[in-house]
Amino acid sequence: MKRFIAAVLAVFMSGCASIPLGTMLEFRSFGKEELLAIQPEVVRVRLELEEPVRADIEGSELTMRLNYDQGSRTFHFPLVVLNETSIAPTRGLFSKSAGKTQYKLKLSDEGIENFIATQTSIAEDNPTSFNFSFSSEFEEPPSEVSEVTLSVFLKLMEEQGFVTLINNARIAVREG
């Protein structure tokens, strides 16, 4: 179970520059017991997008792939919006940042049921590793937008804050 960290981070971003070292350290000792202790009602995802790009949250999901010696199995956890917040742009002496839209998401009722089924599979089948991924679509951006900057954070335990999975990653916008 200790090998999962490289796989988790590889799923989120092909270039590791956007994945903080602190995240790798945070999940270094995360194993089967910790996965089984997660209460699905507590799981949260926070997505931050630079304006003017907006997320189309319907259809967003968190997924977990369990890897075994003989293959893998993927579980899907649909998400719903808890709240949406606008963050004003900031200007400093040496930097500035665009305004952002922040989405806080939780597992839907179906997502909670699927997560419980996943935990049962983890307990019974003893996977060798696992990884998380998050997916969401975007609303059609204005034509002048060629890239989007986003950050993704994950909260798995009540006593734990959000862990940064992707930090200010720039992704090219393509039509289609």
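What follows draws every value from the coordinates through simple rules; no lab data is involved. A quick note: this is a predicted structure, and the numbers were derived from the prediction, not measured. Heads up, the Cβs are rebuilt from the backbone with ideal geometry, glycines too, and the neighbour counts pull from every protein chain shown.
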Any residue at all in segment 90-108 that is within 18 Å of the chain's Cα centre (by Cα), within 29 Å of Tyr68 (Cβ to Cβ) and among the charged types (D, E, K, R)?
yes
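If only one of Phe130, Phe138 is surrounded by 15 or more Cβ atoms within 10 Å (Cβ to Cβ) and either over 28 Å from Arg174 (Cβ atoms) or free of Cβ contacts under 8 Å to residues at least 12 places away in the same chain (or both), which one is it?
Details: Phe138 fails: either over 28 Å from Arg174 (Cβ atoms) or free of Cβ contacts under 8 Å to residues at least 12 places away in the same chain (or both).
Answer to the check: Phe130.
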Checked against (1) in contact (Cβ under 8 Å) with a residue 12 or more places away in the chain; (2) under 24 Å from Glu137 (Cβ atoms); (3) surrounded by fewer than 17 Cβ atoms within 10 Å (Cβ to Cβ), Lys100 satisfies every condition except (3)
Flagged in segment 136-153 as charged (D, E, K, R) and assigned to a strand (DSSP E or B), in numbering order, are Glu137, Glu147
